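See structure below.
Coordinate-derived values only; no laboratory data. Quantities reported herein were computed from a predicted structural model and do not represent experimental measurements. Heads up, the Cβs are rebuilt from the backbone with ideal geometry, glycines too, and the neighbour counts pull from every protein chain shown.
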Number of protein chains: 2
Amino acid sequence: MADYVQRKNHFNIGLIARIMGILILLNGIFMFTCLPFSFYFGDGDWWALTEAGLITVLSGGLIMFYGERKGYKKEIKKKDGYIIVSLGWTVMAFFGSLPYLFSLENPSLTNAYFETISGYSTTGASILTDIESVGKGILFWRSLTQWIGGMGIIVLAVAVLPFLGIGGMQLFVAEAPGISPDKLQPRIKETAKRLWWVYAGLTGIETILLMTGGMNFYDAINHALTTMATGGFSTYNDSAASMSPYIQYILIVFMILAGTNFTLNYFLFKRMFKAIWTNEEFRYYAGIIISASLAIGGVVAFSSDLTIEKSFRDALFQVVSIITTTGYVSADYTAWAPFATMIIFVLMFCGGMAGSTAGGVKIVRHIILFKNSFIELKRQLHPTAIIPVRFNKKAIKEGITFNVLAFIMAYLLIFGLGILVMSALGVDLMTSLGAVATSLGNIGPGIGTVGPVDNFAHLPDAAKWILSFLMLLGRLELFTVMIIFTPYFWSRF
Amino acid sequence: MADYVQRKNHFNIGLIARIMGILILLNGIFMFTCLPFSFYFGDGDWWALTEAGLITVLSGGLIMFYGERKGYKKEIKKKDGYIIVSLGWTVMAFFGSLPYLFSLENPSLTNAYFETISGYSTTGASILTDIESVGKGILFWRSLTQWIGGMGIIVLAVAVLPFLGIGGMQLFVAEAPGISPDKLQPRIKETAKRLWWVYAGLTGIETILLMTGGMNFYDAINHALTTMATGGFSTYNDSAASMSPYIQYILIVFMILAGTNFTLNYFLFKRMFKAIWTNEEFRYYAGIIISASLAIGGVVAFSSDLTIEKSFRDALFQVVSIITTTGYVSADYTAWAPFATMIIFVLMFCGGMAGSTAGGVKIVRHIILFKNSFIELKRQLHPTAIIPVRFNKKAIKEGITFNVLAFIMAYLLIFGLGILVMSALGVDLMTSLGAVATSLGNIGPGIGTVGPVDNFAHLPDAAKWILSFLMLLGRLELFTVMIIFTPYFWSRF
Ligand SMILES: [K+]
Ligand SMILES: [K+]
């Protein structure tokens with residue numbers, strides 16, 4: 001019991017403030033990296049970015065200073081962890097929306113916040129109706145919010161979520177070298193740093209490769225930032241639709257990498273190919289991508305007059321874009337035959353690998369769900385036998401299986417509740433289905449009037465706030481946020 | 001282990017044949033009860049019914065005789081149970097479709113089988129485009145298939161499913177007097193008989209009450225048969241839409257009773273009101289009906305020019321019709337404001353109480369799902385504490401909670417797979433959603449082109465067979481059927 005009981009000083013306010021302050025400060029510093037682009041392209045937004053950066057850096061500094069002054073214990077308790085993660089993302093997004101508020105014509109707080117949380121959560125749903133008319137400095141900030149969000153996700157996945165006991169995240173962590181799922185250890189810092197280098201390295205390599213395909217440096221770095229974060233913000237109005245096949249294939253490869261557990265990407269750098277290929281989750285990940293692409297490619301080739309190559313490329317691109325929850329658009333999948341559109345919609349509930357920057361349910365959870373369902377049938381015939389679910393050749397503790405099932409149920413409950421609330425706001429059924437699925441899964445494009453060639457600008461303000469909350473909920477693996485709304489979280493035990 | 005291991009004589013073929021024979025025989029006898037109506041109304045179908053009845057009685061007798069000749073052990077093993085239940089329903093539906101095949105113009109086996117399995121499964125989805133043009137004898141058979149199906153469900157719920165270990169059914173059975181959930185006992189026969197009397201008694205009372213509202217005897221008994229079975233076949237083309245408010249209120253009351261655990265209905269006859277009101281599942285059942293009706297009634301009253309009474313009556317009628325999975329239609333809910341339609345769609349996944357004739361997921365499972373989700377959040381903070389789910393003030397064994405979660409997941413997986421297959425057959429997304437949800441939940445009307453004022457005639461044949469299978473799957477609580485498709489069911493252990 002000792003690890004969560006905190007009688008006096010219920011929350012470690014000093015430490016929470018200090019960490020939040022540092023997060024805000026770092027975001028402010030990132031804002032200044034947009035200035036070179038703003039000056040180079042002469043978009044006139046340099047002052048907006050400077051103002052936003054100064055306010056953010058100063059606020060972050062003050063909050064950090066307040067935390068230092070107040071004093072704190074160095075040890076992070078579980079409850080503090082939930083607060084830091086949920087509040088951190090929420091508050092960061094308020095500061096992150098300043099560049100939009102200071103630069104866009106007629107910005108509303110709702111729209112600016114929606115765009116920012118869509119960035120930090122790596123969702124990529126946008127209220128911008130004409131992306132290419134926005135200043136290059138601001139657009140770089142937009143891409144950067146996703147890249148920062150992706151960095152946050154990596155540290156969450158390797159260090160924070162397993163420590164907070166979020167379903168299934170313990171599983172892949174046990175795979176990562178030098179990580180104990182039970183305690184927040186100093187060695188985890190090393191692991192997080194190593195994975196950040198992988199993340200930054202892949203972003204650099206992708207930028208260069210995109211430039212070899214003829215993309216200019218600005219567009220290349222923006223797309224690299226949002227690919228690796230599985231964010232999906234593009235600097236083009238039509239996303240990936242007008243890109244050359246070569247560039248589309250590069251995006252496909254890097255989306256796949258971004259949806260892969262970053263520990264496996266580290267193995268890739270280390271040329272430990274066997275460790276990648278024997279990973280059970282990776283095999284399913286590859287298997288789903290291949291089979292869904294073949295099925296959709298066949299349907300598209302058969303039902304349209306596109307070439308075979310273009311049909312299968314579009315299919316592969318969209319399958320990868322949706323399963324990794326990136327959300328780039330090379331083709332309007334809602335215009336495909338219903339069966340192909342349906343597969344894409346189902347894939348919205350799939351998600352990439354745990355430990356990647358992808359959102360959604362994650363493949364490992366589906367594996368456990370399916371295995372447990374089959375085993376449940378077996379248990380029915382042999383009620384006294386104890387048959388554990390096995391993953392990566394190891395038996396999984398029943399508590400984890402339980403947690404994974406509860407996670408998936410919570411995901412679907414929130415999905416159902418979400419579409420109920422959206423329809424209460426007068427949004428039609430198809431759009432509700434699409435908007436909620438894509439926000440909760442941090443994907444980006446949906447179906448209905450928020451399809452791949454639409455945007456979210458026309459939704460009522462209340463809907464935008466709800467979707468913003470769903471993006472946060474999805475990105476933080478639900479339970480991290482939900483637990484804060486329970487009475488026992490606020491009780492002293 | 002002793003209760004399921006059968007080394008030699010893997011299945012008890014003799015006993016299976018005997019029980020199947022009896023079931024078919026009884027169905028044949030029921031067919032003859034349609035003759036008086038056929039003669040009275042002079043619909044010209046008496047020979048079709050007689051032919052069908054004779055074939056069915058003779059076939060049943062032969063199969064029974066084969067079973068007797070082959071010899072059998074009296075003891076029913078679990079695996080035999082799954083076979084009897086699944087095969088019984090499937091084969092009964094083939095014989096039950098004979099009256100349609102012999103009487104309808106241009107009957108196809110697909111359509112006849114669809115209509116019959118829709119009857120026995122108490123779904124009520126229909127391929128008939130003009131119900132009132134069908135002979136009265138045949139229509140009575142149509143209603144009777146639902147009533148027979150309802151009888152089957154009651155015995156399944158109190159005796160068979162708990163014995164087969166189907167998720168959550170053990171829970172309500174523990175509530176039924178004189179029932180042990182562990183063994184198939186002789187006393188269960190008594191309980192089943194008692195509940196059948198309640199079922200038949202309520203059918204009789206409803207017939208009389210409907211006649212006091214001005215309905216003729218024929219229509220009254222047909223509607224009583226299909227109300228108590230939560231079947232929903234009507235003898236009118238427009239279902240309940242043109243009925244008087246008085247008659248609609250009678251239907252509402254009896255639909256609610258039909259969706260109530262029949263043990264509670266037995267308590268009602270015994271005037272044990274406290275035992276009803278303290279039942280946790282009943283309270284939620286009542287609570288959902290009231291709150292959903294108020295919400296929808298408000299929306300309809302506000303967004304249409306109907307009177308307040310009519311708005312709330314329509315809302316109450318459709319909420320009760322959908323939650324009890326009866327499927328009568330008093331108003332086209334797909335024409336309501338999106339929010340109201342959405343609530344109806346969500347209710348399709350709710351279902352009535354366990355131990356009633358209602359289909360769907362059942363309320364008890366939702367209660368356990370929700371409670372477990374909340375407790376899971378608690379477990380996250382207190383990972384070492386053991387916190388069981390409580391239902392009706394008792395702690396529930398973890399195995400049952402597990403089974404309930406697996407059931408709900410299987411339900412949703414089959415739902416997802418169902419819409420995928422439907423769209424592969426070229427059915428549009430809305431219709432797929434509606435048809436699969438309504439078939440799996442044994443409800444009747446859906447959304448899209450199988451909405452409350454449409455029928456299923458226009459669907460492709462393959463879709464009809466798939467929906468027929470889904471009706472069976474839903475009616476038999478999924479696992480009963482699914483287990484037969486697993487390899488270990490056919491292994492010797
Ligand atoms: K995304
Ligand atoms: K029904």
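Sequentially through segment A:320-325, phi angles give Karplus couplings (6.51, -1.76, 1.60; θ = phi - 60°) of 5, 4, 7, 5, 7, 6 Hz, Gly and Pro residues having no value and appearing as x.
Cross-link partners of B:K79 among aspartates and glutamates, defined as those whose alpha carbon lies under 15 angstrom from its own and excluding same-chain residues fewer than eight positions apart: B:D3.
In summary, the lysines within cross-link reach of B:K371, defined as a Cα separation below 19 angstrom excluding same-chain residues under 8 places away, comprise B:K362, B:K393, B:K394, B:K397. Over segment A:13-240, the ratio between the Cα radius of gyration and 2.2 N^0.38 Å evaluates to 1.05. As a length-normalised measure over Cα pairs under 8 Å and 6 or more apart, the relative contact order of segment B:374-438 settles at 17 percent.
With contributions of -39500 (n - 2.57) from each DSSP H run of at least four residues, the per-residue ellipticity at 222 nm computed over chain A stands at -20500 deg cm²/dmol.
Can you tell which of A:T357, A:N372, A:V389 lies farthest toward the positive end of the dipole of segment A:334-396, using +1 and -1 charges on the Cβ of basic and acidic side chains (Lys, Arg; Asp, Glu)? Going by the charge dipole, the pick is A:V389.
In this structure, A:W490 and A:A457 have a Cβ-Cβ separation that, at R0 = 41 Å, corresponds to a calculated FRET efficiency of about 0.65. Protection proxy ranking, highest mean first, for peptides B:84-96, A:384-396, B:53-65: B:84-96, B:53-65, A:384-396, where packing is the per-residue count of other beta-carbon atoms within 10 Å, averaged. Rounded to the nearest 20, the Cβ-based charge dipole of chain A about its Cα centre (Lys and Arg +1, Asp and Glu -1) stands at 2600 debye. Each other copy holds its own label point for B:E68; taking that point as 7 Å from Cα along Cα to Cβ, the gaps run 9.6 nm, nearest first.
Pairs of Cα atoms nearer than 8 Å and 6+ residues apart set the relative contact order; for chain B it is 17 percent. Converting phi to 3J(HN,Hα) with the Karplus coefficients 6.51, -1.76 and 1.60 and the offset θ = phi - 60°, segment A:73-85 yields 8, 5, 6, 8, 8, 3, 4, 4, x, 4, 5, 4, 5 Hz in sequence order, with x at every glycine or proline. Distances between copies of B:N237, taken at a point 7 Å out from Cα along the Cα→Cβ vector and listed shortest first: 5.2 nm. Annotation for B:F32 and A:K397: the two label points, set 7 Å from Cα along the Cα-Cβ direction, are 6.6 nm apart. The calculated FRET efficiency for B:K310 paired with A:R271, based on their beta-carbon distance and R0 = 60 Å, is about 0.25.
Sorted from closest to farthest, the other copies place their B:F11 label points 6.1 nm away, with each point set 7 Å from Cα along Cα→Cβ.
The largest-to-smallest principal axis extents of the Cα set in chain B are 62, 59, 52 Å.
With viscosity 1.567 mPa s and temperature 4 °C, the Kirkwood radius over alpha carbon pairs of the protein assembly as shown converts through Stokes-Einstein to a diffusion coefficient of 43 µm²/s.
In this rough spin-label picture, where each label sits 7 Å from Cα along the Cβ direction, the A:Y218-A:L413 distance is 4.8 nm. One residue of chain B places its C-beta nearer than any other to the axis carrying B onto A; that residue and its whole-Å distance are B:L405, 2. Computed from point charges on the beta carbon alone (+1 for Lys and Arg, -1 for Asp and Glu), the dipole magnitude for the protein assembly as shown about its Cα centre is near 5180 Debye.
Based on the Cβ-Cβ distance from B:K70 to A:I386, what FRET efficiency comes out when R0 is 41 Å, to the nearest 0.05? Given R0 = 41 Å and the Cβ-Cβ separation, E is 0.65. Here's the list of lysines a cross-link from A:K193 could span, going by alpha-carbon distance under 21 Å and ignoring same-chain residues fewer than 8 apart: A:K74, A:K183, A:K270.
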